[in-house]
């Protein structure tokens with residue numbers, strides 16, 4: 001049990017470092033070949049920031065542990081909203097009265113509704129629906145490209161990659177090495193995480209989704225927490241909220257779609273009864289703040305963090321009380 005736990009944290013560390021190296025190496029290569037900044041930004045949003053979630057979910061499906069994939073997608077979206085936005089809001093209110101946030105909030109509602117529709121009316125996200133979700137993320141990236149080219153106004157979702165674009169001055173040799181390390185590290189970290197996460201769940205008698213909802217989801221949300229926290233303290237909360245909304249859209253369409261194409265997964269009874277309703281409620285709460293242009297202040301931040309703590313406690317209580 002202790003060994004599995006240590007390996008899980010090792011897998012998370014390899015996964016996060018690999019994802020960061022892959023993104024920074026890709027930016028360096030793009031800069032060396034003078035690829036337009038817009039294309040670099042959209043590629044990072046589409047694949048770089050969700051790389052850990054994507055690789056873990058695909059690896060989980062391929063290794064016949066689809067519960068971890070489901071838990072990772074749902075749990076990451078819950079953590080991104082309740083924890084990643086809630087904690088910084090305790091120190092600095094998160095401003096939502098920013099041009100562009102509303103349209104992304106509407107896309108988040110649509111993506112959440114699509115996942116809920118698949119879960120409650122079909123119960124399985126297979127290859128056909130996986131392909132449809134991939135088409136959804138392609139359409140969203142095209143939408144971002146259209147917005148960026150058609151207006152000089154800054155977009156809060158595209159702005160989330162500024163830290164990478166500004167730092168994309170790495171030499172070509174180092175950038176290639178970063179990409180190679182990232183491509184090697186991501187699958188290794190994902191494999192370690194899935195194998196030992198499944199073993200840990202079995203030792204506790206818990207469903208695999210719980211590992212995805214807690215350790216894996218929280219671990220893969222750490223980059224978002226760091227980015228959002230830094231943006232909030234720099235008084236750039238619109239970038240912070242854009243980061244979370246963009247990440248959650250990509251988790252559903254890109255990560256869910258890739259997992260579907262890899263073999264698909266079924267939504268279990270507990271996911272339908274508890275996990276998914278929490279994700280839907282959290283997504284609607286964030287969308288309500290954005291659409292109403294109501295700032296997420298300290299009180300709301302406290303409620304978000306308390307709700308996340310209650311969610312985690314409930315997961316372990318339900319697992320402990322299950323026959």
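Provide the gained length on full extension for the span residue 302 to residue 272, in nm with one decimal, where the gain is 0.36 nm per separating residue minus the Cα-Cα distance. List each step's numbers first, then the result.
Working: separation 30, 0.36 × 30 = 10.80 nm, distance 2.65 nm.
The residue 302-residue 272 span can extend by a further 8.2 nm.
Multiplying the sequence separation of residue 284 and residue 199 by 0.36 nm and subtracting their Cα-Cα distance, what value in nm do you get? Could the numbers behind the result be given before it?
Details: separation 85, 0.36 × 85 = 30.60 nm, distance 3.41 nm.
Once the chain is fully extended between residue 284 and residue 199, it gains 27.2 nm.
May I ask you to sort 265, 253, 143 by Cβ crowding, counting other Cβ atoms within 10 Å and putting the fewest first? Working shown, then result.
Numbers: 265 24, 253 28, 143 14.
Ranking 265, 253, 143 by Cβ neighbours within 10 Å, fewest first, gives 143, 265, 253.
What's the center-to-center distance, using Cα atoms, between the stretch 67-128 and the stretch 271-288 in Å?
Rounded to whole Å, the Cα centres lie 8 Å apart.
With a/c under 1.5 counting as rounded, go ahead and sort the stretch 60-116 into rounded, prolate or oblate using the C-alpha gyration tensor (a ≥ b ≥ c being the square roots of the eigenvalues; past the cut-off, prolate if a/b is larger than b/c, else oblate). Display every interim value, and only then the final one.
Values: a/c = 4.12, a/b = 1.66, b/c = 2.48.
Oblate.
By counting other Cβ atoms within 10 Å of each Cβ, how are 209, 63 ranked from fewest to most? Intermediate values should be presented prior to the final figure.
Values: 209 27, 63 15.
Fewest-to-most Cβ neighbours within 10 Å comes out as 63, 209.
Label-point separation (nm) for residue 292 and residue 97, each offset 7 Å from Cα along Cα-to-Cβ?
Roughly 1.5 nm, to one decimal.
Can you put 214, 266, 271 in order of Cβ neighbours within 10 angstrom, beginning with the fewest?
Values: 214 19, 266 14, 271 23.
Lowest count first: 266, 214, 271.
Ranked from highest to lowest mean number of other Cβ atoms within 10 Å per residue, what is the order of the peptides 243-251, 112-120?
Working: 243-251: 26.7, 112-120: 17.7.
Packing proxy ranking, top to bottom: 243-251, 112-120.
Just so you know, all these numbers are worked out from the coordinates, no wet-lab data involved. These numbers come from a predicted model, not from an experiment. Virtual Cβ from ideal backbone geometry, glycine too; neighbours counted across all protein chains shown.
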